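The values are calculated or read from the model by the stated rules, or taken from the named source; none is laboratory data. Just so you know, these numbers come straight off a predicted model, no measurement behind them. Please note: Cβ atoms are built from the backbone with ideal geometry, for glycine as well, and neighbour counts cover all protein chains shown.
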Amino acid sequence: MAAAFETLTKHSRLLAWLTEVVQLCKPDNVYTCDGSAEEYGYICEVAMKHGTFTRLNDTLRPDCFLARSHPSDVARVEDRTFICTNDQIEAGPTNNWAPAREMKRKLCAIFDGCMEGRTMYIIPFSMGPVGSPFSKIGIEVTDSAYVVANMTIMTRVGTKVLEALGSDGEFVPCLHSVGAPLKPFQGDVPWPCERDPNHKYIVHFPDDPSIWSYGSGYGGNALLGKKCLALRIASALARKEGWLAEHMLILCLTSPEGEKRYIAGAFPSACGKTNLAMMRPTLPGWKVTCLGDDIAWMRIGEDGRLYAMNPETGFFGVAPGTSYDTNPNAMETFTRNSIFTNAGLTDEGDIWWEDMGVPAPAHLIDWEGDDWTPDSDRKAAHPNARFTAPAEQCPVIDPDWENPSGVPISAILFGGRRAGTVPLVYEAFDWEHGVFMGSAAGSETTAANLSKTGVLRHDPFAMLPFCGYNMGDYFAHWLSMAGRTDPQKLPRIFFVNWFRKGEDGHFLWPGYGDNSRVLKWIFERVGGGGQAVKTPIGNLPAPGALDLSGLELPAADLEALLTVDVGAWKQEAADLSEYYEEFGDRLPTALRGQLEALKERLHGR
Ligand code: SAT
Ligand code: MN
């Protein structure tokens, strides 16, 4: 079994921290992860022994497991997520805040003895290729075997990370507990977690930096490399260090002539980021390859261009709705070596979920472990059911996806789910206008997550739940990128909306593989071609500029997709004025100026 952590590193700060957390959490055992394939097998065995994992049919889905969470622990808990600094203004109006010192005192009491009866796992992990100067190392300490298995897929784990850390490298301490200590002889449950929703704490101390997460075993609450480190903590580090940590997919679009352009895109949840990142273009000869579906770290390279890299090594994607129609490449990615959480389990031992593109089986076991038939009046899979799959298994993974320098980005997309107002695509006039567009992004809520549907929620840069500091300062940081290089070398910025609806409620645009038509226009624009017309909100495709060959799109739908409704935009601008109020004097004056300029253009002045 694994050696004691004392013998594995000479890093005195790391040793001191680990000694402290062992004393605080009081686990029965301590296990340091080496990241080997044997270890992954062993951890899965442990998770099976506890009933957390069920092995799937090894012929249908080799080396795959299903986990069912407790019904109280099914998604990120934004209302229990905190950014803790000395002054509230540093966390800003969009984050929950508590004074750092007070919160630490509280957490020390909560974590005291929280791992009694359990094994503490130490996971050394690297976000980004091990040893790259742009990567960040974290050490996650957790009492969940489920977390260890998922982190092993999602990040680079093990001894090689401790070696890269050396005896005095920087690391982010990430302490995680499911918050369910076991008394002597108390039996365990398949999904231990804190049952009281008000007693979960996902806490970030960007000034340390460090992360403390208590009470949840699910997704971004518990896999601390993902949203906690690679977005909230990294965004705060990026601001200090002059780069960007973003909630973005990264893809490469190759033309029939073999020319490549890399595109990054920020979209809120449930807007098809994973689908876009792995899309199969319907336009003949065009090719999309995927570098990442969730997080992009971007910095100015030596040539003055903006380079992006994906710090993760796996996909933690929403399962329901994923099918051979919507995302065949994702379906091929999780055929093996994958973990499914809160999906249905068929009698053959495979997984099933709503809109998987295969008929519902006559019987299955639903995500809560109960019998289910197509007549049941509830869903077989939880709407936030997930697959965890290794990126290298994606059939269209880009050859440069692990390039430590990243890839040069030509275009940045912002988007959301908007039934009206926002056209299919438009282009920013320049960087500052593009930052304004990102700050104005929003998405309509869906029935799946809020009682009132169709309500616009502002979600600037799709970073609302993930920005680790004052969002006003974040806007300023984005603006400042233009001063760090020749602004002509920065990516062009576009806004896209695949979700516009007609008056009768039907989607005007087919989406999915046909989004390649929009990407082609973007590709042409960044190369100096592509015809556009200037409108008050930005540059839209000129008539005939979108390649619609082979697509039967009614002329009226196309017109609606590319119309700027000046009345609706005046309302949009008024809403934005109100939203901007929240940021007070932290709102950069340049953005106020952009908003005023938009209003002027809308009034034809
Ligand atoms: O649970 S995660 O935060 O990893 C996924 C998501 O909510 O976007
Ligand atoms: Mn995400």
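Yes or no, residue by residue, for (1) within 25 Å of the chain's Cα centre (by Cα); (2) surrounded by 14 or more Cβ atoms within 10 Å (Cβ to Cβ):
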| position | (1), (2) |
| --- | --- |
| 157 | yes, yes |
| 161 | yes, yes |
| 168 | no, no |
| 187 | no, no |
| 194 | yes, yes |
| 197 | yes, no |
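Can you tell me which residue among 344, 349 is crowded, with 23+ Cβ neighbours inside 10 Å, more than 24 Å from residue 227 (Cβ to Cβ) and not assigned by TED's automatic domain parsing to the domain that holds residue 39? Show your work before the answer.
Working: 349 fails: crowded, with 23+ Cβ neighbours inside 10 Å.
Result of the check over 344, 349: 344.
Among the listed residues 79, 73, which satisfies the condition of being part of a loop (DSSP other than H, G, I, E, B), closer than 30 Å to residue 270 by Cβ and within 16 Å of ligand 1 (Cβ to nearest atom)?
Answer to the selection: 73.
Looking at 540, 591, 595, just one residue is under 30 Å from the mean Cα position of the chain (by Cα) and part of a strand (DSSP E or B), and that residue is 540. Annotation note: of 260, 273, 287, 240, the sole residue that is within 16 Å of ligand 1 (Cβ to nearest atom) and among the basic types (Lys, Arg) is 273. Considering (1) at negative phi; (2) away from ligand 2 (no atom under 16 Å from the Cβ); (3) modelled with pLDDT of 95 or more, the lone condition that residue 447 does not fulfil carries the number (3). Considering region 354-388, and only residues there that are in contact with a Gly (Cβ under 6 Å, 6 or more places away or on another chain) and hydrophobic (A, V, I, L, M, F, W, C), the residue that is farthest from ligand 2 (Cβ to nearest atom) turns out to be 364.
In this structure, residue 457 qualifies as closer than 28 Å to residue 235 by Cβ, in the same structural domain as residue 275 (by TED's automatic domain parsing), surrounded by fewer than 17 Cβ atoms within 10 Å (Cβ to Cβ) and under 19 Å from the mean Cα position of the chain (by Cα).
Of the residues in region 44-73, how many are more than 25 Å from residue 331 (Cα to Cα) and either under 23 Å from the mean Cα position of the chain (by Cα) or not charged (D, E, K, R) (or both)? Residues meeting the conditions: 7.
Elements of the type helices (runs of 4 or more DSSP H) sitting completely within region 124-231 and holding at least 1 residues that are within 16 Å of ligand 1 (Cβ to nearest atom): these cover 145-154, 219-222. Within the set 301, 317, the sole residue that is among the small types (Gly, Ala, Ser), within 25 Å of residue 509 (Cα to Cα) and in contact (Cβ under 8 Å) with a residue 40 or more places away in the chain turns out to be 317.
Listed by first and then second residue, the pairs with beta-carbon distance under 6 Å, at least 6 apart or on different chains, first residue in region 218-231 and in the same structural domain as residue 157 (by TED's automatic domain parsing) and at negative phi, second within 6 Å of ligand 1 (Cβ to nearest atom) and modelled with pLDDT under 95, are 220/76; 221/76.
Which of the residues that make up region 401-418 are buried (at least 17 other Cβ atoms within 10 Å of the Cβ) and outside any strand (DSSP E or B)? Hits for region 401-418 are 401, 402, 406, 416, 417, 418. Pairs please, first residue from region 484-510 and over 13 Å from residue 422 (Cα atoms), second anywhere and of a type outside the set (Gly, Ala, Ser) and exposed (fewer than 13 other Cβ atoms within 10 Å of the Cβ), Cβ atoms under 8 Å, 6+ apart in sequence or on different chains. Here the result reads 489/303, each pair linking region 484-510 to a residue that is of a type outside the set (Gly, Ala, Ser) and exposed (fewer than 13 other Cβ atoms within 10 Å of the Cβ).
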